[in-house]
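Report on the following structure.
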Amino acid sequence: MGSEEVKLVFEDGSLWLKSDEMKMRGDFTTMLPRLKQPNLSRELIVRAAKIKNEGRELTAVDATAGMGEDSLLLAAAGFNVILYEYDPIIAALLEDTLKRASTEKYLDKITARIKLKKEYSISAINNIEFVPDVVFLDPMFPERSKSGLIKKKFQLLQQLESPCSDEKELLEAAIKAGPKKIVIKRPAKGAYLAGRKPDYSLEGKAIRYDVFVFAR
């Protein structure tokens, strides 16, 4: 967890993750501009996860939930989203964030499509009882602590969750689940997850989404 003490505190009606120098909490209200059209349709993750010609509700599994911002974008785009987060502190922060968002106008209907499961995702997906349309993977970037990809406050999260060390098992579990798409979030110049080349990628300035497409 690092040399600096990190702890959860309840303050001002919400859960905060605090250290001696920083504190953070989840706040989905800051994402409201991104959730509205036409901004939402331009989001790379929404474009990557989109499945055409489906006249039904779609389900996405977020196997590496973190603070849930990507899943919020998918839910706003119409997906029912199942999130997995195994770290109890991060899961508590995310649960609190979802609870507060559920009382906010416009966010309430979006968060109603999100279900958080406090489980180890690889085991859970290997034993999943339904077939998701999309599996989304965002394993922590191996060099994230030296990167400008995140705000400084999210360095606190890095002290709780290490970079992914089981990339192959994670990707194999996602494939085994039988989705139409697997979407993987990577640094723009980062290596492919588990060294496996995707069918295509959508690239932004700092982030890239690698997409695998499967016939089903």
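The values are calculated or read from the model by the stated rules, or taken from the named source; none is laboratory data. The model shown is predicted, which means the values in this text are computed figures rather than measured ones. As a convention, Cβ positions derive from the backbone with ideal geometry for all residues, glycine included, and neighbour counts pool all protein chains shown. With ligands, DNA and RNA removed, areas are computed over all heavy atoms of the protein, side chains included. Shrake-Rupley method; radii C 1.70, N 1.55, O 1.52, S 1.80 Å.
Screening residue 123 against (1) free of Cβ contacts under 8 Å to residues at least 60 places away in the same chain; (2) under 26 Å from residue 44 (Cβ atoms); (3) out of contact with any strand residue (DSSP E or B) (no Cβ under 8 Å at 6 or more places or on another chain) leaves a single unmet condition, (2).
Let's see how each residue does on (1) surrounded by 16 or more Cβ atoms within 10 Å (Cβ to Cβ); (2) touching a Ser or Thr at 6+ places or on another chain (Cβ under 6 Å); (3) assigned to a strand (DSSP E or B):
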{"site": "168", "(1), (2), (3)": "no, no, no"}
{"site": "171", "(1), (2), (3)": "yes, no, no"}
{"site": "179", "(1), (2), (3)": "yes, no, no"}
{"site": "186", "(1), (2), (3)": "yes, no, yes"}
{"site": "198", "(1), (2), (3)": "yes, no, no"}
{"site": "212", "(1), (2), (3)": "yes, no, yes"}
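Look through segment 105-118, keep the residues that are open to solvent by less than 80 Å² (accessible area, probe 1.4 Å) and of a type outside the set (A, V, I, L, M, F, W, C), and return whichever of them is farthest from residue 179 (Cα to Cα). Restricting to residues being open to solvent by less than 80 Å² (accessible area, probe 1.4 Å) and of a type outside the set (A, V, I, L, M, F, W, C), the top hit is 108. Is it the case that segment 68-82 has a residue that's farther than 20 Å from residue 184 by Cα and of a type in the set (Asp, Glu)? The answer is no; no qualifying residue exists. Does residue 26 qualify as being in a loop (DSSP other than H, G, I, E, B), modelled with pLDDT under 95 and open to solvent by less than 50 Å² (accessible area, probe 1.4 Å)? It is true that residue 26 is in a loop (DSSP other than H, G, I, E, B), modelled with pLDDT under 95 and open to solvent by less than 50 Å² (accessible area, probe 1.4 Å).
In segment 2-14, which residues are open to solvent by less than 40 Å² (accessible area, probe 1.4 Å), in a strand (DSSP E or B) and touching a helix residue (DSSP H, G or I) at 6+ places or on another chain (Cβ under 8 Å)? Within segment 2-14, 14 is the sole residue that qualifies.
Residues that are buried (at least 17 other Cβ atoms within 10 Å of the Cβ) and assigned to a loop (DSSP other than H, G, I, E, B) within segment 79-104 comprise 79, 85, 86, 87, listed in sequence order. For residues in segment 29-40 being in a helix (DSSP H, G or I) and not polar (S, T, N, Q), which is farthest from the chain's Cα centre (by Cα)? Here the answer is 33.
Check whether at least one residue in segment 47-59 is assigned to a loop (DSSP other than H, G, I, E, B), among the acidic types (Asp, Glu) and out of contact with any helix residue (DSSP H, G or I) (no Cβ under 6 Å at 6 or more places or on another chain), and report yes or no. Looking through segment 47-59, at least one residue is assigned to a loop (DSSP other than H, G, I, E, B), among the acidic types (Asp, Glu) and out of contact with any helix residue (DSSP H, G or I) (no Cβ under 6 Å at 6 or more places or on another chain). So, of the residues in segment 200-210 that are in contact with a helix residue (DSSP H, G or I) (Cβ under 6 Å, 6 or more places away or on another chain) and in a strand (DSSP E or B), which turns out to be surrounded by the fewest Cβ atoms within 10 Å (Cβ to Cβ)? Only one residue tops the list, namely 202.
Among the residues making up segment 41-61, those that are under 23 Å from residue 203 (Cα atoms), open to solvent by less than 80 Å² (accessible area, probe 1.4 Å) and more than 16 Å from the chain's Cα centre (by Cα) are 41, 51.
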